[in-house]
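Working notes for the structure below.
The values are calculated or read from the model by the stated rules, or taken from the named source; none is laboratory data. Since the model is a prediction, treat every value here as computed from it, not as a measurement. Heads up: the accessible areas ignore ligands, DNA and RNA and are worked out on the full protein's heavy atoms, side chains in. Shrake-Rupley method; radii C 1.70, N 1.55, O 1.52, S 1.80 Å.
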Amino acid sequence: VQENVLQRVLQLPVVSSTCESLQRTYTSTKEAHPLMASVCEVYERGVQGAGALAMWGMEPVVRKLEPQFAVANNLACRGLDHLEEKIPALQYPVDK
């Protein structure tokens, strides 16, 4: 199974804890402000629709460029290995 650099980055404690914190803030803001919640829900539906449309339109291009994406992913994974080795703080949550 080939590593995916995006998945690896999202699994870094510093990144995952930041994402969790942002999600908690976003959720609590929506709960505290009903008007903000309705605006956010409209925005979320729009983003989902636009994302689905973009993926459908990009699929032929992505399939054609798959070998180049694999090479770029491998290079990025090696770069991430180097960063993880040189910057130990990436392995800690933001609060630490």
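In terms of its alpha-carbon gyration tensor, the chain comes out oblate; a/c meets the 1.5 threshold, while b/c is at least as large as a/b. To the nearest 10, the accessible area of Tyr43 is 150 Å² with a 1.4 Å probe. Remark: segment 9-14, residue by residue, has Karplus-estimated 3J(HN,Hα) of 5, 5, 8, 4, x, 5 Hz, where x stands for each Gly or Pro and the curve is 6.51 cos²θ - 1.76 cosθ + 1.60 at θ = phi - 60°.
In this structure the chain gives 81 Å² per residue of accessible area when probed at 1.4 Å with all protein chains present. Multiplying the residue separation of Glu44 and Cys19 by 0.36 nm and subtracting their alpha-carbon distance yields 7.3 nm. For Val94, the amide hydrogen comes within under 5 Å of the amide hydrogens of Ser17, Thr18, counting only partners 5 or more places away or on other chains and with H modelled in the peptide plane. Computed over protein heavy atoms with a 1.4 Å probe, the carbon and sulfur contribution to the accessible area of the chain reaches 65%.
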